[in-house]
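Nothing in this text is a laboratory measurement; each read-out follows from the coordinates by a stated rule. Just so you know, these numbers come straight off a predicted model, no measurement behind them. Methodologically, a virtual Cβ is constructed for each residue, glycine included, from the backbone with ideal geometry; neighbour enumeration extends over all protein chains shown.
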Amino acid sequence: MIASEDSAARTAAIDAFARRHRFRPLETLPWLAAVAWYFLLPGYLPLGSQILATILFVLSADLVLGYAGIVTLGHAAFFGTGAYVAGILAANGWGEPLSGLVAAMLVSALVGLLSGLIILRTTGLALLMQTLVVAATLYEAANKAGWLTGGDDGLQGMQVWPIFGLFRFDLFGRVAYVYCLAVLFLGWLAARAIVHSPFGRSLIGARENTARMHAIGAPVARRKLVIYTISAGLAGASGALIAQTTSFVGLTSLSLERSGNALIMLIIGGVGRLYGAFIGVPVFMIAQDRFSEIEPVYWYFWLGLLMVGVVVFARGGLLGLIERFRR
Amino acid sequence: MTGATAVAPALETCALSKSFGALAVASEIDFRLERGARHALIGPNGAGKTSFVNLVTGALRAGSGSIHLDGADITTLAQAARVKRGLARTFQINALFRRLCALENVTLAVAEREGVAHGLLRPAGRHRAIVEEAYALLETLGIANQALLPVGGLAYGRQRLVEIAVALGLRPKVLLLDEPAAGIPSGESGVIVDVIERLPAEIALLIIEHDMDLVFRLARTITVLVQGRVLVEGPPGAIAADPRVREVYLGQRAGR
């Protein structure tokens, strides 16, 4: 009798544990909202595309910062690399967008792998400084190599071909919006699989207690390098999306401001929760769009106020706030 | 190589030394942990007990001397490689994944041992056999009823049990318990003693402990470490009677 009660409890607990990784209906919400945006706000599709592409960037930052605990202020290095790879290809006679996207991802991932080999040996502030250095180095390299990148003026003359040779990027941004949505969806599928996999759980373990992770025999350094490389590739895809849909790449794509804004958006949404990017990015970018219209000079003040409000009243971001109310 | 000497001890150190500048935390330590041993390492504060554990597990690099696990030289192996060969430890101060539940804490260890922890595709919860094994360990230690709660919120004594469960998830041949009863009110340390007594006999245990009741209940051999050196080694009765031990260790308390 007691034995069967125990085995019932065991099955129930193990099932409940497995259910934590199962797909929840609430997870369809961002995609329903994105589809609704397409039909309800046709005048705002360019802003919508920017938001979707930026979500992918911030999602990639969440993988390293929120899950693996790698503190970075230089994630724009990979975003910018992806943007320039896609942009330079399209400005030099190869405007096929999908191969450009893949090339951007591969080169960004390679930059992530090589820089990660060097900088991931450190942690904390030393690591933070080195991520800054990597991004600043690429920024200056892009600035100096004006013959290739257009330098300070930005990259001009991109010719992006239709997707599959069929869907031309139109003036209203419909194709661009669907393109960004599709790529974000694939990126999200990958990120979601990763954070629920044993690999992803072991990254959380390393974030929670690195010493113990070593003591149970985990190759922590190698795992961090793998996620850093994957994240760099996703960030590169985001940069490529913005380059291809706006037909322009500027030095700001490698700037500290872009790295910093990604962190702010992630903190507003909630760090290490996978969906922080899906909340933080729209809130930040829609607020930016509205405030800059109402208050063309001082709009940054209101964004600052929003940030202070989140930090003081909503530790864990807006998602953290929602979690607290649901309890 | 004849007779009993042909069987290598579970763990052995030869002239193991380590210094930080002028401070020698380990000097010329010769130590043998037999198979299936119940061995305690005691000594006053600062004797170098935890440093010894860190040297053996590879968290610290040996200055000189050698370390053998199951007869094989592991002196230069990385920490993870030593774990793969069956060497596990617990920590004096809980080193747990605080925001994860007890079941996941142990699951992480089992997944590392089974080599599935680098997997990227299948969700962690669907590695059913791994989760079942982790749950069974929690049952053995009597903490399965709180398996799904974040360990950071459990009572300290329960966290100490999760600490042991994580190490057991590695199925160690040699287990180093660094002050398993540290931080637990003395009335509750009986639970820890029971758990340690029921551990599989084939695991060689090295227990580092301050709690003398616990040491004398569990250990069949005791090594006394003082200032990074082995002072004396022997069965509990001999150690308790040894005047040098009384002087440097037990005597300190008696003298006050």
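The share of C-alpha pairs in the range A:10-63 whose separation exceeds 13 Å stands at 72 percent. Within 10 Å of the Cβ of each residue in A:12-22, the mean number of Cβ atoms contributed by other protein chains is 6.
Its relative contact order, with pairs defined as Cα atoms under 8 Å and 6+ residues apart, puts the range A:1-119 at 15 percent. The alpha carbons of the protein assembly as shown give a radius of gyration and a Dmax of 28.7, 93 Å, in that order. Close amide H contacts of residue B:226 (hydrogens built in the peptide plane, cut-off under 5 Å, sequence separation of 5 or more or a different chain): B:231.
Cross-link candidates for residue B:18: which lysines have Cα within less than 26 Å, leaving aside residues fewer than 8 places away along the same chain? Within the straight-line cut-off, residue B:18 pairs with B:49, B:84, B:173.
Computed from the Cα positions only, the extents of the range B:17-163 along the three principal axes stand at 49, 33, 31 Å, in decreasing order. Axis of helix A:220-246 versus longest Cα principal axis of chain A: the two differ by about 40°, to the nearest ten degrees. Comparing A:228, A:139, A:298 in a Gaussian network model of chain A where C-alpha atoms under 10 Å apart are linked, the largest mean-square fluctuation is found at A:298.
Take every DSSP beta bridge whose two residues both sit in the range B:121-256; close to 50 percent of them are antiparallel. Could you quote the convex hull projected area for the range A:82-206, Cα atoms only and averaged over all directions, in nm²? Averaged projected hull area, Cα only: 9.9 nm².
Estimated purely from DSSP H runs of n ≥ 4, each contributing -39500 (n - 2.57), the mean residue ellipticity at 222 nm for chain B is -9000 deg cm²/dmol once divided by its residues. Each helix, a run of at least 4 DSSP H residues, gives -39500 (n - 2.57); summed and divided by the residues of chain A, these come to -24000 deg cm²/dmol at 222 nm. Here chain A yields Rg over Rh of 1.00, to two decimals, using C-alpha coordinates and the Kirkwood radius. Take every Cα pair under 8 Å whose residues are at least 6 apart in sequence, average their separation, divide by the length of chain B, and the relative contact order is 27 percent. Counting Cβ atoms of other protein chains within 10 Å of each residue's Cβ and taking the mean over peptide A:124-137 gives 0. Taking a sphere under 12 Å around the Cβ of residue A:283 and counting the other residues whose Cβ falls inside, with K and R at +1 and D and E at -1, yields a net charge of 0. Relative to the first principal axis of the alpha-carbon coordinates of chain A, what is the inclination of helix A:76-91, with its axis defined by its Cα atoms, in degrees from 0 to 90 and to the nearest 10? Tilt relative to chain A: about 40 degrees. Projected onto their three principal axes, the Cα atoms of the range A:258-318 cover extents of 33, 20, 17 Å, largest first. Under a Gaussian network description of chain B, with springs only between Cα atoms under 10 Å, the residue in B:127, B:210, B:118 that fluctuates furthest is B:118.
Binning the alpha carbon pair distances of the range A:13-154 at 5 angstrom intervals from zero yields the distribution 2, 8, 13, 16, 16, 15, 13, 10, 5, 2, 1, 0, 0, expressed in whole percent. Take the convex hull of the alpha carbons in the range B:137-256; its mean projected area over all directions comes to 8.8 nm².
Normalised radius of gyration (Cα atoms, divided by 2.2 N^0.38 Å) for the range A:189-264: 1.41.
Among B:37, B:181, B:24, which one shows the biggest mean-square fluctuation in a GNM of chain B, springs joining Cα atoms closer than 10 Å? Result: B:24 has the largest fluctuation of those listed. Relative to the longest principal axis of the Cα atoms of chain A, the long axis of helix A:45-62 lies at roughly 50 degrees.
Counting Cβ atoms of other protein chains within 10 Å of each residue's Cβ and taking the mean over peptide B:136-146 gives 1. Quick one: net charge of residue A:7's neighbours, Cβ under 14 Å, K/R +1, D/E -1? Combined, the nearby Lys, Arg, Asp and Glu give -4. Write down the percent of antiparallel bridges among all DSSP beta bridges whose residues are both part of the protein assembly as shown, to the nearest 5. Beta bridges within the protein assembly as shown, antiparallel portion: roughly 60 percent.
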